[in-house]
Amino acid sequence: MAEIEWPWQYSFPPFFTLQPHSDTRAKQLAAWKSLILEYYRITKQAIVDIREVHSSPLFNNSAINRILFRQDNGKLSSEAILLILEELAKSGNASPLDKTKQRWLIYWHTLEEWGEIIYNWAQDNGFIGSVCTLFELTQGEDTTHQEFYGLDTEVLIRALKTLEANKKAELILFDDNQGVKFF
Amino acid sequence: MRRKAGVGAIQKQKLEQEKYRDKGTEIQENQFEQMTKQMETFRVNLEEFASKYKNEIKKNARFRRQFTEMCASIGVDPLASGKGFWSVLGIGDFYYELAVQIVEVCMATNYKNGGLISLDELRTRLIQARGRRKEHQEITNEDLLAAAKKLRIFGNGFSIVPIGRGKHLVQSVPGELSMDHTAVLQQASLSGNAYISKSTLCKELKWEPGRTQKALDHMVKEGLAWLDEQGENETLYWFPSLFTACIVSKE
C-alpha cells in the first residue's frame with residue numbers, strides 16, 4: 001500500500017476546527033474534500049462509516065492532538081463530517097448507503113469517470129462484445145496495473161450501471177454470478 | 001541747491017545699487033554655469049558608469065544595493081522615471097519586472113494564505129519561478145522591498161507590513177491593516193509560533209480584552225487568521241502565512 005503524502009493543512013491545527021468565516025471555510029472544505037479522496041484512493045478504501053471515523057488517522061491527527069471538528073465531549077462531531085460528505089456528494093464523489101446517512105461510498109473518480117475508464121480498458125483489450133466477471137475486472141491478472149484494480153464491488157457495479165444507461169454495457173447479476181458484457 | 005544735490009545723491013546711489021546688482025547676477029550666473037557644467041559632467045560620468053556596469057548592476061545583488069545607495073545619497077531615484085537617461089539603464093525595468101512577479105506569486109498563493117505572505121517565502125517562490133538562469137539568481141529581500149514599494153501606486157491593495165526583527169509580510173488584499181492588526185502579526189511572529197491567543201495579546205500589548213477581540217475578529221474576517229478551538233485553554237488564532245508547513249508546501 002502506498003504511503004499517503006499528507007498536505008500541509010493536515011498538520012495545521014485549525015484545519016480541524018470548522019472555520020466561521022465563509023471564504024476560509026470554503027477553502028477548508030475544499031482541502032478536506034481533496035484530502036479524503038486522496039486518502040481513499042491511496043488506501044483503496046470505499047466506505048466511510050461515520051460511527052467509526054474517530055479511529056481513522058484521516059480525521060484524527062494524534063501528532064498534533066486534533067480531531068476533525070471535535071465537540072466538547074472530545075468526540076468528533078458527526079454533523080461536521082456530514083457537511084464534508086454532502087460536499088463530496090455534490091460533486092459526484094460520494095453517496096450515502098443508507099437513509100440515516102451513517103455509511104457512505106466514496107468515489108475518488110466519479111461513477112461516470114470510472115465507467116469511462118473501464119470501458120476504455122475493455123476497448124483497448126478487445127473485450128467489446130464479450131463477458132467479463134466482476135472478479136476478473138478488479139482482481140484478475142489482466143487488470144493488475146489498472147486504476148480500478150481492487151475497486152470496491154459496490155462502486156464497480158454503480159460505475160457499470162452508468163455504462164448500462166448509455167447502452168455501452170449490460171450487467172449480468174444473478175446469484176453468485178456477477179458479470180458484465182461490453183458493447 | 002539742497003534739493004538738486006539730493007537728487008544727484010539719490011541717482012548716484014541708485015546707479016551704484018544697479019551696479020552691485022549686475023555684479024551679483026553675474027556672479028550668480030557664473031556659479032550657476034559652473035554648477036550646470038559640474039552636474040553635466042557628473043551626469044555623463046554616472047551615465048557612463050551605469051551603462052558600463054549595467055549588467056553587473058542587474059546581476060550582482062551587492063553591487064546593485066551599493067549603486068542604489070549611492071543614488072539615494074545624492075537624491076536620485078533610478079526607479080522613479082521611465083523617461084530620460086535613467087531609462088537606458090533598465091534599472092527601473094529590473095524592479096518593475098520584479099514587481100510584476102511579486103504580484104504573480106501573491107495571486108498564486110492567495111488561496112492558502114489569504115493574501116499575506118512573508119518576504120522570505122515570497123523570495124523563495126520568486127527564485128523558483130524565475131528559473132535557474134544565472135543572472136536571475138540573486139534577488140535580495142532589499143530588492144523585493146524596493147520593488148514592492150513601487151506597487152503602492154495601486155492604492156492600499158498592496159502594502160508591506162513590518163513585523164519586527166527585520167521581518168516583513170507583504171499584503172496583497174484590499175483593506176488596509178491598522179496598527180493594531182500589524183501589532184497582532186508582530187506578536188505572532190515574535191512568539192516563533194504561527195498562532196496567538198487573546199490572553200497572550202492582552203498581556204504582551206497591555207490591551208483591553210475588547211480591543212484585542214476586535215483586532216482578532218478582523219483578521220478572521222479578512223481570511224488572514226484561522227480559528228483553532230482545540231487548544232489547551234482558549235481559542236488560538238493561526239496565520240497560514242507564518243506556518244512553516246504552509247510556507248514550504250510546493251502547492
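Could you work out the helix-only [θ] at 222 nm for chain B, with each DSSP H run of four or more residues adding -39,500 (n - 2.57) and the total divided by the number of residues, to the nearest 500 deg cm²/dmol?
Counting only the DSSP helices, I get -20500 deg cm²/dmol.
Select from segment B:174-251 those trypsin sites (Lys or Arg not before Pro) which occupy a DSSP coil region and have at most 14 other Cβ atoms within 10 Å, ordered by residue number.
In loop regions of segment B:174-251 (DSSP not H, G, I, E or B), the sparsely surrounded trypsin sites (Lys or Arg not before Pro) are B:LYS206, B:LYS250.
Under a 1.4 angstrom probe, counting protein chains only, how are B:TRP207, A:TRP6 ranked by accessible area, largest first?
A:TRP6, B:TRP207
How long are the semi-axes of the equivalent ellipsoid of segment A:100-173, defined as square roots of 5 times the Cα gyration tensor eigenvalues? Whole Å, largest first.
Over the Cα atoms of segment A:100-173, the semi-axes work out to 20, 14, 11 Å.
Give me the compactness ratio for the protein assembly as shown, meaning the Cα radius of gyration over 2.2 N^0.38 Å.
Compared with the compact-globule rule of thumb, the protein assembly as shown sits at 1.58.
Along segment B:106-118, what does the Karplus equation 6.51 cos²θ - 1.76 cosθ + 1.60 (θ = phi - 60°) give for ³J(HN,Hα), rounded to whole Hz, x for Gly and Pro?
Whole-Hz 3J(HN,Hα) from phi for segment B:106-118: 4, 5, 5, 9, 3, 5, 9, 10, x, x, 10, 9, 6.
Buried accessible area for the B:A pair, summed, 1.4 Å probe, in Å² rounded to 100?
1700
Quick one: ranking B:ARG165, B:ARG43 by accessible area, 1.4 Å probe, largest first, what do you get?
Solvent-accessible surface, decreasing: B:ARG165, B:ARG43.
Rank these by accessible area, largest first, 1.4 Å probe: B:ARG64, B:ARG125.
B:ARG125, B:ARG64
At 37 °C and 0.692 mPa s, grab the translational diffusion coefficient of segment B:177-251 from Stokes-Einstein with a Kirkwood Rh over Cα pairs, rounded to a whole number in µm² per second.
Translational D for this selection: 262 µm²/s.
What's the longest uninterrupted piece of chain A once you rule out the trypsin sites (Lys or Arg not before Pro) that are loop residues per DSSP with at most 12 other Cβ within 10 Å?
For trypsin sites (Lys or Arg not before Pro) (loop position, at most 12 other Cβ atoms within 10 Å), the longest site-free span of chain A is A:100-166.
With the contact rule set at Cα under 8 Å and sequence spacing of 6 or more, what percent relative contact order holds for chain B?
13
Which GluC sites (Glu not before Pro) in segment A:111-174 pass both tests, a DSSP loop state and at most 16 other beta-carbon atoms within 10 Å?
A:GLU147
Once you order the gyration tensor axes a ≥ b ≥ c over the Cα atoms, which shape class does chain B get: rounded for a/c under 1.5, otherwise prolate or oblate by comparing a/b with b/c?
oblate
Please report, in debye to the nearest 20, how large the charge dipole of chain B is about its Cα centre when each Lys and Arg carries +1 at its beta carbon and each Asp and Glu carries -1 there.
1200
Report the far tail of the P(r) of segment A:36-183, meaning the percent of Cα-Cα pairs longer than 27 Å.
31
The values are calculated or read from the model by the stated rules, or taken from the named source; none is laboratory data. Remember, it's a predicted structure, so these values are computed and weren't measured experimentally. All Cβ positions, glycine included, derive from the backbone under ideal geometry; neighbour counts span all protein chains shown. For accessibility, only protein heavy atoms count, side chains too; no ligands or nucleic acids. Shrake-Rupley method; radii C 1.70, N 1.55, O 1.52, S 1.80 Å.
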